[in-house]
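The structure appears below as structure tokens.
The values are calculated or read from the model by the stated rules, or taken from the named source; none is laboratory data. All values derive from a computational prediction rather than experimental measurement. Please note: Cβ atoms are built from the backbone with ideal geometry, for glycine as well, and neighbour counts cover all protein chains shown.
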């Protein structure tokens with residue numbers, strides 16, 4: 001069978017869930033069957049990692065009038081690299097331009113949807129996806145059902161994100177305790193996310209005074225950064241911390257590297273999001289055997305089984321978050337039980353090897 005060349009497009013190259021998922025797929029492709037080529041809309045760590053693997057990579061960041069700069073740039077690469085298939089990595093306006101270029105070249109398109117299809121951006125792009133994508137892949141059943149509430153077209157697939165179960169596995173680690181000089185007697189409750197409205201970290205901060213009424217030997221670790229220019233959400237969080245008087249109880253770490261060590265430093269992982277497709281940080285927490293508290297947002301219930309490997313709470317509910325966290329803080333046996341169930345869930349449903357195999361099967365369907 002001839003080797004197919006696939007052009008992977010990611011609008012971002014930061015160490016976020018979407019670019020990382022794209023990188024992991026390229027890294028683990030069967031190179032006897034597929035050769036990846038990568039295009040990013042910006043410079044960044046994911047582009048550097050792709051280059052380090054020997055993947056031919058480009059940056060296309062000049063939009064031009066009506067997007068003609070984008071379209072022309074992608075058209076040239078599709079022709080130059082003799083691309084057989086285009087893989088679009090998520091749902092932002094950047095992706096319609098390589099899709100149009102691929103249509104001009106007669107190249108089939110696999111379009112992944114990781115973003116909220118009910119957002120303004122999702123609704124605006126939905127007609128483009130329906131017209132241009134040969135196969136639409138959603139990362140959760142929740143995303144699929146929200147995109148197609150009436151009837152699911154035959155070209156739609158659901159493929160859950162996967163996680164490297166060797167890179168992320170349960171290993172005792174005191175990285176955070178050493179870095180921030182925290183006693184071994186203090187339980188670490190943590191979230192790892194970009195700092196933005198959608199992630200709902202403000203509601204987790206509001207839960208801290210409620211937790212303190214029952215438990216005092218804990219710290220809330222907020223791991224991540226506000227990537228926006230004005231950093232309005234970070235300022236909002238800092239204001240809440242001051243208003244609630246919880247400065248000694250909360251550590252804003254900023255962005256940290258070595259996420260496996262960070263995750264394994266935590267006793268409880270929390271994701272208070274208002275929406276998720278299929279959260280990478282939840283996959284990392286599952287794989288590291290962490291008990292989880294998460295909101296009933298998007299694909300979270302497809303990862304967290306309430307009362308089995310964690311607790312699910314309503315959105316925007318500090319009281320619900322506090323009650324779930326308190327339950328885990330005061331019950332060592334329950335934390336251990338949930339942690340073991342979390343790892344089992346990761347092994348059974350979210351192995352990266354299975355994720356890659358499912359995507360490769362889709363490529364075979366289009367390439368013959």
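Residues that are under 20 Å from residue 155 (Cα atoms), at least 3 per element: which strands (runs of 3 or more DSSP E) completely within the stretch 35-119 meet that? Even if it seems obvious, please write down each step before you answer.
Details: elements: 56-59, 85-88, 109-113.
Correct list: 85-88, 109-113.
Within the stretch 242-282, if we keep just the residues that are in contact (Cβ under 8 Å) with a residue 60 or more places away in the chain and assigned to a strand (DSSP E or B), the residue that is surrounded by the fewest Cβ atoms within 10 Å (Cβ to Cβ) turns out to be 253. Can residue 304 be described as without any contact (Cβ under 8 Å) to a residue 24 or more places away in the chain and surrounded by 19 or more Cβ atoms within 10 Å (Cβ to Cβ)? So residue 304 passes the test. Of all residues in the stretch 179-195, those being in a loop (DSSP other than H, G, I, E, B) and either closer than 25 Å to residue 215 by Cα or assigned by TED's automatic domain parsing to the domain that holds residue 362 (or both) number 7. Regarding the stretch 318-336, can at least one residue be identified that is buried (at least 18 other Cβ atoms within 10 Å of the Cβ) and assigned to a loop (DSSP other than H, G, I, E, B)? No: zero hits. Of everything listed in (1) in contact (Cβ under 8 Å) with a residue 24 or more places away in the chain; (2) outside any helix (DSSP H, G or I), the single unmet condition for residue 346 is (2).
Looking only at residues of the stretch 127-178 that are in a helix (DSSP H, G or I) and touching a residue at least 40 places away in the same chain (Cβ under 8 Å), we find that the one that is surrounded by the most Cβ atoms within 10 Å (Cβ to Cβ) is 143. In the stretch 37-54, the count of residues that are over 21 Å from residue 101 (Cβ atoms) and surrounded by 22 or more Cβ atoms within 10 Å (Cβ to Cβ) is one or more. Close contacts from the stretch 196-220, counting a first residue that is in a loop (DSSP other than H, G, I, E, B) and a second that is surrounded by 23 or more Cβ atoms within 10 Å (Cβ to Cβ) and at pLDDT below 95, with Cβ to Cβ under 7 Å and a gap of 6+ residues or different chains, come to none at all.
Return the residues of the stretch 1-13 that are more than 25 Å from residue 100 (Cβ to Cβ) and touching a residue at least 12 places away in the same chain (Cβ under 8 Å); say none if nothing qualifies. Reasoning before the result, please.
We begin by selecting, within the stretch 1-13, every residue more than 25 Å from residue 100 (Cβ to Cβ); these are 1-3.
Within the stretch 1-13, 1, 3 qualify.
For residues in the stretch 226-241 being surrounded by 12 or more Cβ atoms within 10 Å (Cβ to Cβ) and modelled with pLDDT under 95, which is nearest to residue 182 (Cα to Cα)? Top of the filtered list is 227.
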